[in-house]
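The values are calculated or read from the model by the stated rules, or taken from the named source; none is laboratory data. Quick caveat: nothing in here was measured; it's all calculated off a predicted structure. Virtual Cβ from ideal backbone geometry, glycine too; neighbours counted across all protein chains shown.
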Amino acid sequence: MDKFVIRGGERLNGTVEVSGAKNASLALMPAALLASGITRLRNTPALRDVSTMSTLLKSMGAKVDFKNNTLAIDSRGVKHFEAPYEHVKKMRASIYVLGPLIARFGQARVSLPGGCAWGPRPVNLHLEGLQKLGAQIELEGGYINAKADRLTGTKIHFDVSSVGATGNILMAAVLASGTTLIENAAIEPEMTSLAEFLVAMGAKIDGIGTNRLEIEGVDSLKAAETRTIPDRIEAGTFLVAAAMTGGEITLTGVRPDQLSAVTAKLEDAGCTIGFTEDTITLTAPETIRPVDVTANIYPGFPTDMQAQWTAMMSIADGTSIITDSIYFDRFKHVPELVRLGANIEIKENAAVVRGVPRITGAKVMSTDLRASASLILAGLVASGTTEVLRVYHIDRGYEAIEKKLQTLGADIQRVTGEEF
Ligand code: EPZ
């Protein structure tokens, strides 16, 4: 198991390229199951989650090749329609194969995802939506067994705006007979990029980019290719790193329009930010101002940036409140930040952060992807040495993060091998 050893205090400076988006790739890859042929996904990030999804598709009979950040998925050999617990327990997004398998092959056996580091994350909206499209769904032995001759278009209104349920129902409805209307669909950029890709495969979808999607089912789709959108969460993480370390960085290959909720808060905190069509330059302030945020659905402040913001506010000049309206108990990073000397109190689904003048290095434990990102950020400003343990969590969603940080001047080393 790897750990990161970080000596804090370096100001980050320079330019770094943003990788393709994990959460876009994890939705695009299962879409390859909807057509027989070779799907090509350029700008795919080299992440553990991408290789987990590749292994799952291979176990179904697909051929998957990854070279120079281009993923080629040959679905012509797919003949097993199962996502075993061994895969799904590693990555909840494996559930994205459910919709495409039922729509294309009329059957699927997919393990229920189970719990996650920060509490229950049900999939009822996925199942209810598929049942409304006519799938027979049976839960047995921790598995979802689904069957359908052909799905039939209908109206689906989501009580909660869910990224995953939107993706699954969208990928099911494109091959259904008749028209499906999804109301209160998620409009996260990763869902818009999925819908655009499905249209490139021959699907008929109206309302892309809005929370009202109308899908006219077609009889078949063809394999296609696309470029994966940049990762707005990776981009946000690097901007916060620069702000916390008093540095100045430029991100390239980024979509500033998909990050506006984060950059607006960074400006409120005192940062100076410059934009071009595909770059963002941030200059840190002398003193970080405390800024409250409430994590919400897109285009609100992303919950996947909440932990990183908490780390930044722990060294701000004053008190701030960070509320998460998506995941009520996504605060596993807080006790670890407190180990570094932060002053944070949890009250229901909010963290009250009283900024401290300095934090001090210590050993801290990663619990999930974004929590581990917040610990790395804290380590970059802590005096002395911070050891972030179990960084396999971070490798799930950040491509070579330590190498990118080193190019910006950070003193961070990956140490491999020992049991931590
Ligand atoms: C996606 O998860 C992302 N994962 C998450 O990013 C992200 O935190 C989340 O969206 C919210 O933005 C991927 O894209 C692979 P949801 P997802 O369905 O699809 C409730 C990261 O760090 N809900 O939009 O699982 C649910 O409990 C990861 O990269 C139901 O009640 O999220 C939550 O409160 C972590 N029933 C809310 O909806 C359902 O059937 C939003 O969840 C589905 C969801």
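Quick check on my filter: what residues within the range 306-345 are in a loop (DSSP other than H, G, I, E, B) and among the β-branched types (Val, Ile, Thr)?
Listed by number, the residues that qualify are Ile315, Ile326.
Run Glu128 past the list (1) in contact with a helix residue (DSSP H, G or I) (Cβ under 9 Å, 6 or more places away or on another chain); (2) away from the ligand (no atom under 16 Å from the Cβ); (3) without any contact (Cβ under 8 Å) to a residue 60 or more places away in the chain and report the number of the one that doesn't hold.
(2) is the only condition that Glu128 fails.
Where residues in the range 190-211 are crowded, with 18+ Cβ neighbours inside 10 Å and of a type in the set (Ser, Thr, Tyr), which of them is nearest to Thr39 (Cα to Cα)?
Within the range 190-211, the match that is nearest to Thr39 (Cα to Cα) is Ser193.
Quickly run through the range 61-90 and pick out the residues that are at pLDDT 95 or above, crowded, with 20+ Cβ neighbours inside 10 Å and of a type in the set (A, V, I, L, M).
Ala62, Val64, Leu71, Ile73, Val78, Ala83
Regarding the range 61-77, can at least one residue be identified that is out of contact with any helix residue (DSSP H, G or I) (no Cβ under 6 Å at 6 or more places or on another chain), of a type in the set (Phe, Trp, Tyr) and closer than 20 Å to Ala146 by Cβ?
Scanning the range 61-77, I find no residue that is out of contact with any helix residue (DSSP H, G or I) (no Cβ under 6 Å at 6 or more places or on another chain), of a type in the set (Phe, Trp, Tyr) and closer than 20 Å to Ala146 by Cβ, so the answer is no.
What pairs can you find where one residue is in the range 231-255 and in contact (Cβ under 8 Å) with a residue 40 or more places away in the chain and closer than 21 Å to Asp395 by Cβ, the other is basic (Lys, Arg) and more than 16 Å from the ligand (Cβ to nearest atom), and their Cβ atoms are less than 9 Å apart, with a gap of 6+ or different chains?
Sorted first by the residue in the range 231-255, then by its partner, the pairs are Arg232/Arg255; Glu234/Lys404; Ala235/Arg255; Phe238/Lys404.
Only one of these is under 25 Å from Glu248 (Cα atoms), part of a loop (DSSP other than H, G, I, E, B) and at pLDDT 95 or above: Gly379, Gly397. Name it.
The match here is Gly397.
Filter the range 281-305 for residues that are under 12 Å from Arg330 (Cβ atoms) and either aromatic (Phe, Trp, Tyr) or assigned to a loop (DSSP other than H, G, I, E, B) (or both) and give the result.
Pro302
For Asp329, work out the one condition from (1) more than 25 Å from the chain's Cα centre (by Cα); (2) acidic (Asp, Glu); (3) more than 19 Å from Leu266 (Cβ to Cβ) it doesn't fulfil.
(1)
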